[in-house]
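Student: Right, I'll just put the structure down here and ask away after.
The values are calculated or read from the model by the stated rules, or taken from the named source; none is laboratory data. None of the values given here were measured: they were computed from a predicted structure. Here the Cβ is made from the backbone with ideal geometry for all residues, glycine too, and neighbour counts use every protein chain on show.
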């Protein structure tokens, strides 16, 4: 707790506000966490890991991706890094997101241009 809230930058050790320890181990004010939640922000501002269970959203994204077929010229693989499990791998390019095949999260980032 000898750090600052990553949202409001108040020193947590001196703060009288309630704090929350995230799944990743980082700490922030509970009010700051709730404000982020209201704004549909789901990643830790420090490490980018998912802060709460949003598997329902991932399922909706699966359905949307399945229903949205990409044109032939956009059907290729890209290298990705998963922010949740830290694994790298390949994913089929899709404008809506890239799914990690290790933990099924869409909290990923592209590492490369298309692999042709």
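Student: Can you name the residue in the stretch 49-63 that is exposed (fewer than 15 other Cβ atoms within 10 Å of the Cβ) and more than 18 Å from residue 94 (Cβ to Cβ) and is also farthest from the chain's Cα centre (by Cα) among such residues?
Tutor: Applying the filter and picking the extreme gives 56.
Student: Related question: Report yes if residue 28 is touching a helix residue (DSSP H, G or I) at 6+ places or on another chain (Cβ under 9 Å), free of Cβ contacts under 8 Å to residues at least 40 places away in the same chain and not in a loop (DSSP other than H, G, I, E, B), otherwise no. Even if it seems obvious, please write down each step before you answer.
Tutor: Details: touching a helix residue (DSSP H, G or I) at 6+ places or on another chain (Cβ under 9 Å): yes; free of Cβ contacts under 8 Å to residues at least 40 places away in the same chain: yes; not in a loop (DSSP other than H, G, I, E, B): yes.
Yes; evaluated as a whole, the condition is true for this residue.
Student: Residues being free of Cβ contacts under 8 Å to residues at least 40 places away in the same chain and either part of a loop (DSSP other than H, G, I, E, B) or under 13 Å from the mean Cα position of the chain (by Cα) (or both): count how many of those fall in the stretch 67-79.
Tutor: As a first pass, look at the stretch 67-79 and keep what is free of Cβ contacts under 8 Å to residues at least 40 places away in the same chain: 67-75, 77-79.
Checking which are either part of a loop (DSSP other than H, G, I, E, B) or under 13 Å from the mean Cα position of the chain (by Cα) (or both) leaves us with 68-71, 75.
Counting residues in the stretch 67-79 that are free of Cβ contacts under 8 Å to residues at least 40 places away in the same chain and either part of a loop (DSSP other than H, G, I, E, B) or under 13 Å from the mean Cα position of the chain (by Cα) (or both) gives 5.
Student: Kindly evaluate residue 20 against the criterion of being more than 12 Å from the chain's Cα centre (by Cα), surrounded by 14 or more Cβ atoms within 10 Å (Cβ to Cβ) and not assigned by TED's automatic domain parsing to the domain that holds residue 86.
Tutor: yes
Student: Here are the criteria: (1) within 25 Å of residue 23 (Cβ to Cβ); (2) free of Cβ contacts under 8 Å to residues at least 24 places away in the same chain; (3) in contact with a helix residue (DSSP H, G or I) (Cβ under 9 Å, 6 or more places away or on another chain). Tell me which single one residue 59 does not satisfy.
Tutor: The single condition residue 59 does not satisfy is (3).
Student: Moving on. Inspect the stretch 84-92 for any residue being surrounded by 18 or more Cβ atoms within 10 Å (Cβ to Cβ) and under 11 Å from the mean Cα position of the chain (by Cα) and give the result as yes or no.
Tutor: Among the residues of the stretch 84-92, at least one is surrounded by 18 or more Cβ atoms within 10 Å (Cβ to Cβ) and under 11 Å from the mean Cα position of the chain (by Cα), which makes the answer yes.
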